[in-house]
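Engineer: The structure under discussion is supplied below as structure tokens; questions concerning it will follow.
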Amino acid sequence: MTLSRANTHTCHWPGCKRVVPPNMWGCKAHWFALPKVLRDRIWATYVPGQEITKTPSPAYIEAACAVQTWIVGAGGVVR
Ligand SMILES: [Zn+2]
């Protein structure tokens, strides 16, 4: 299976370009750097297939935003 550039899904950690499976939020190192409460929130709101339809639920977007806010607060933004 060949992944085209357009379908390449990368880690959501700011600045991380690691390619991860579409159903994963990010690479293992960054995923486990998140607090469990946020990881639970992502899983709770994740809908299988949303990476294909590109229409994640408002709850998932909210959870993803909370994650980005946490990363910035934790000083994890890679520049
Ligand atoms: Zn990463």
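Engineer: Mind putting a number on the dipole of region 5-73 about its Cα centre? Charges go on the C-beta only, +1 for Lys and Arg and -1 for Asp and Glu, and I need it in Debye to the nearest 20.
Structural biologist: With only Lys, Arg, Asp and Glu charged at Cβ, the dipole is about 240 debye.
Engineer: Follow-up question, since we're still on this one. Out of region 19-79, which chymotrypsin sites (Phe, Trp or Tyr not before Pro) are coil in DSSP terms and have no more than 12 other C-beta atoms within 10 Å?
Structural biologist: Qualifying residues, ordered by number: Phe32.
Engineer: As a test of the formula, what do you get for the chain when each DSSP H run with n ≥ 4 contributes -39,500 (n - 2.57) and the sum is divided by the residue count, at 222 nm and rounded to the nearest 500 deg cm²/dmol?
Structural biologist: Helix-only estimate at 222 nm: -12000 deg cm²/dmol.
Engineer: Any cysteines in the chain with zero other Cys Cβ atoms under 4.7 Å from their Cβ? List them, or say none.
Structural biologist: Within the chain, the cysteines lacking a partner Cβ under 4.7 Å are Cys65.
Engineer: Name the residue from Cys65, Gly49, Val20 whose Cα lies farthest towards the positive end of the charge dipole of the chain, charges +1 on Cβ of Lys and Arg and -1 on Cβ of Asp and Glu.
Structural biologist: Toward the positive end, the furthest listed residue is Val20.
Engineer: Let me ask something else. In a shell of Cβ-Cβ distance under 13 Å around Lys28, excluding Lys28 itself, what net charge do Lys and Arg (+1) and Asp and Glu (-1) give?
Structural biologist: Net of charged neighbours comes to +2.
Engineer: Can you check what the Kirkwood hydrodynamic radius comes to for the chain, Cα pairs only, in Å to one decimal?
Structural biologist: Evaluated over the chain, this radius sits at 13.1 Å.
Engineer: What percent does the relative contact order of region 5-73 come to when contacts are Cα pairs within less than 8 Å and at least six residues apart?
Structural biologist: Normalised by residue count, the contact order of region 5-73 is 24 percent.
Engineer: Can you compute the label reach from Trp43? Point 7 Å from Cα along the Cβ direction, backbone N cut-off under 16 Å, restricted to region 6-24.
Structural biologist: The answer is 23-24, whose backbone nitrogens lie closer than 16 Å to the label point.
Any read-out appearing in this document is the output of simple, stated calculations on the displayed coordinates, not a laboratory observation. These numbers were taken from a predicted model, which means no experiment stands behind them. Ideal geometry is used to build each Cβ from the backbone, glycine not excepted, and the neighbour counts take in all protein chains shown.
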